[in-house]
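The values are calculated or read from the model by the stated rules, or taken from the named source; none is laboratory data. Keep in mind the model is a prediction, meaning the values are calculated, not measured. A quick note on method: Cβ atoms are made from the backbone with ideal geometry, for glycine too, and the neighbour counts reach across all protein chains shown. Note: areas computed on protein heavy atoms with side chains; ligands, DNA, RNA excluded. Shrake-Rupley method; radii C 1.70, N 1.55, O 1.52, S 1.80 Å.
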Amino acid sequence: MALQDRLRPLVDTTGPGPRAVRRVAGLDVAYAEDSDRLAAAVVVLDADTLTVLERSVVLGRARFPYVPGLFAFRELPSLVEALDGLGTAPDLLVCDGQGLAHPRRFGLACHLGVHTGIPSIGVGKTAFVGTFDAPGPARGESSDLVLDGEVVGAVLRTQRDVKPVFVSVGHGLDLAEACRHVLALSPRFRLPETTRQADGACRAALAAAAAEARTTG
């Protein structure tokens with residue numbers, strides 16, 4: 001908690017954001033059932049076509065317990081290792097998690113952005129903190145996610161009449177820019193294609209590792 005408080009002033013929440021986003025990365029971590037084994041995936045997509053350009057997956061073990069609000073300390077080491085495995089650094093990071101929408105305004109997306117210097121966005125499937133009114137039913141409609149009287153994110157409808165996602169700034173851009181990127185990355189489904197691809201990659205890696213263990217064990 002003290003480290004989060006110390007690093008929080010380093011977060012840039014005003015932008016102007018990445019001037020040219022050509023390579024956008026989705027980051028996610030999957031955990032094996034009843035085990036501390038994990039797979040961390042970074043999948044890089046072409047920002048215009050959303051085709052996959054590169055994947056980097058790291059298998060490892062969680063070295064930090066599950067503590068709400070300290071999730072970055074559980075996932076960051078493996079995600080950074082996966083990022084280091086890329087041939088070319090991405091222009092934007094899209095995390096399956098929170099940025100400013102966090103009790104100390106320093107979620108996983110903030111930590112990754114500050115650590116790497118790459119602009120970052122948090123996209124959560126549910127709200128971790130704050131209150132909000134439901135956005136309108138149309139794609140692109142949004143409402144404020146508010147914590148202690150401060151707007152910490154946006155509740156964004158990416159598909160008509162489908163549950164919204166919870167977008168918050170990680171680092172290096174403002175909230176409006178973050179929402180524009182998330183909408184562009186979600187042309188067909190509720191979740192951004194970055195999240196869908198990273199989720200699939202880490203789950204596939206865990207399944208392959210489990211199958212290999214059964215074969216050799």
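Select from segment 30-52 the residues that are at pLDDT 95 or above and of a type in the set (S, T, Y) and list them in ascending order.
Scanning segment 30-52 gives T49, T51.
Quick one: is R55 of a type in the set (D, E, K, R) and modelled with pLDDT under 95?
Answer is no for this residue.
Any residue that is at positive phi, modelled with pLDDT under 95 and not basic (K, R) - is there at least one of those in segment 71-90?
Within segment 71-90, none of the residues are at positive phi, modelled with pLDDT under 95 and not basic (K, R).
Taking into account only those residues within segment 3-29 that are modelled with pLDDT of 90 or more and buried (at least 20 other Cβ atoms within 10 Å of the Cβ), which is farthest from E177 (Cα to Cα)?
V29
Please go through segment 94-116 and pick out each residue that is open to solvent by less than 10 Å² (accessible area, probe 1.4 Å) and small (G, A, S).
Of everything in segment 94-116, those that are open to solvent by less than 10 Å² (accessible area, probe 1.4 Å) and small (G, A, S) turn out to be G99, A101, G107, A109, G113.
Just the residues that are surrounded by 15 or more Cβ atoms within 10 Å (Cβ to Cβ) and part of a loop (DSSP other than H, G, I, E, B), please, taken from segment 180-195.
L185, S186, R190, L191, P192
Taking the residues in segment 64-86 that are touching a Leu at 6+ places or on another chain (Cβ under 9 Å) and open to solvent by 50 Å² or more (accessible area, probe 1.4 Å) as candidates, determine which candidate is nearest to F128 (Cα to Cα).
F71
Looking at segment 154-177 only, could you name the residues that are open to solvent by less than 10 Å² (accessible area, probe 1.4 Å) and more than 18 Å from L10 (Cα to Cα)?
Within segment 154-177, A154, V155, L156, T158, V165, V167 qualify.
Run down R22, R37, R61 and say which single residue is touching a residue at least 24 places away in the same chain (Cβ under 8 Å), over 18 Å from the mean Cα position of the chain (by Cα) and within 19 Å of G85 (Cα to Cα).
R61
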